[in-house]
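Enquirer: Structure incoming, see below.
The values are calculated or read from the model by the stated rules, or taken from the named source; none is laboratory data. Not measured: the values here are computed from a predicted model. Using ideal geometry, Cβ is built from the backbone for each residue, glycine included, and neighbour counts are taken over all protein chains shown. Please note that ligands, DNA and RNA were not included when accessible areas were found on the heavy atoms of the full protein model with its side chains. Shrake-Rupley method; radii C 1.70, N 1.55, O 1.52, S 1.80 Å.
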Amino acid sequence: MMLDDDTLLKRQEIDIKDDPDKMETENLDFSTDHNNIHRLLHSQKLADIKEAIDVFTKEPAEAIGPVENHPEYNLIVDSNNMAVEIDNEIFFVHKYIRDLYNERFPELESLVLNPMDFIRTVKYLSNDLHKSKFDTESLHFLPSATVMVVSVTAATTQGKPLEEDQVSKLAEACKAAFELEEIRQAVLMYVESRMAMIAPNLSRIIGTTVATKLMGQAGGLTAFQRCLVVTCRF
């Protein structure tokens, strides 16, 4: 893969560094401060990774020499780690939305367990639980049986309508969750597209999706190889 001088210079300028955002999000209280849902979404670290991905995806992936020395390797590892951070962020946003919506429809959290499906349901229903809203087309992301149970339960819920400011906070949190999920999918697609370059044999055996998850849990190719050595010894 031949790169022009401008592209090489651009890649050298993009430096993915740890910043305080990661430490700050570890102890956030989403239940008391809804502004915290934007910490990772608007962090410099995430912006840097997105910018670097845009630069690298303009050129085809090609491994030359030791893969750890490839200029793209650190970005792949950082992107994989960022996908995990985004997962954690979505978990916290889901908890914030769940706690807030519990006043309107407390039974919903036990009926829709998948975090993103729960958030989609909350976004669609909002403050209006009229029976006309419960149809399989509008709630196509839920099984038809679940839609029926949700509809019946909503008709007898003990929840109370939310205030306007609560509805506004819900809409804002749902929007943030959708943006995070979109970015997470884009990051995972990028990492999966590069797995054949950094771990070709593993990708052929178990597929790029599973290989991406294993590599992410291990912390990179070298760390994953060490895991295998330890496992084989015992």
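Enquirer: If you go through the range 39-57 one residue at a time, do you hit one that is touching a helix residue (DSSP H, G or I) at 6+ places or on another chain (Cβ under 6 Å), among the charged types (D, E, K, R), within 30 Å of Thr209 (Cα to Cα) and modelled with pLDDT under 90?
Expert: Scanning the range 39-57 turns up at least one residue that is touching a helix residue (DSSP H, G or I) at 6+ places or on another chain (Cβ under 6 Å), among the charged types (D, E, K, R), within 30 Å of Thr209 (Cα to Cα) and modelled with pLDDT under 90.
Enquirer: Let me ask you something else. Run Pro106 past the list (1) open to solvent by 70 Å² or more (accessible area, probe 1.4 Å); (2) at pLDDT 95 or above and report the number of the one that doesn't hold.
Expert: Just one mismatch for Pro106, condition (1).
Enquirer: Turning to a different aspect of this structure: Restricting attention to the range 125-163, report how many residues are of a type outside the set (Lys, Arg), over 16 Å from Asp99 (Cα atoms) and part of a helix (DSSP H, G or I).
Expert: Residues meeting the conditions: 13.
Enquirer: Give me a count of the residues in the range 157-178 that are aliphatic (A, V, I, L, M), more than 19 Å from the chain's Cα centre (by Cα) and open to solvent by 20 Å² or more (accessible area, probe 1.4 Å).
Expert: The total comes to 1.
Enquirer: Let me ask something else about it. I'd like to know if the range 131-151 contains one or more residues that are modelled with pLDDT under 80, over 20 Å from Asn88 (Cα atoms) and surrounded by 14 or more Cβ atoms within 10 Å (Cβ to Cβ). Steps first, please.
Expert: Taking the range 131-151 and keeping what is modelled with pLDDT under 80, we get 131-133.
Add one more test, that the residue is over 20 Å from Asn88 (Cα atoms), and what stays is 131-133.
Applying the additional criterion that residues be surrounded by 14 or more Cβ atoms within 10 Å (Cβ to Cβ) yields 133.
Yes.
Enquirer: Could you please find all residues in the range 89-107 being assigned to a helix (DSSP H, G or I) and either among the basic types (Lys, Arg) or out of contact with any helix residue (DSSP H, G or I) (no Cβ under 7 Å at 6 or more places or on another chain) (or both)?
Expert: Phe92, Lys95, Arg98, Asp99
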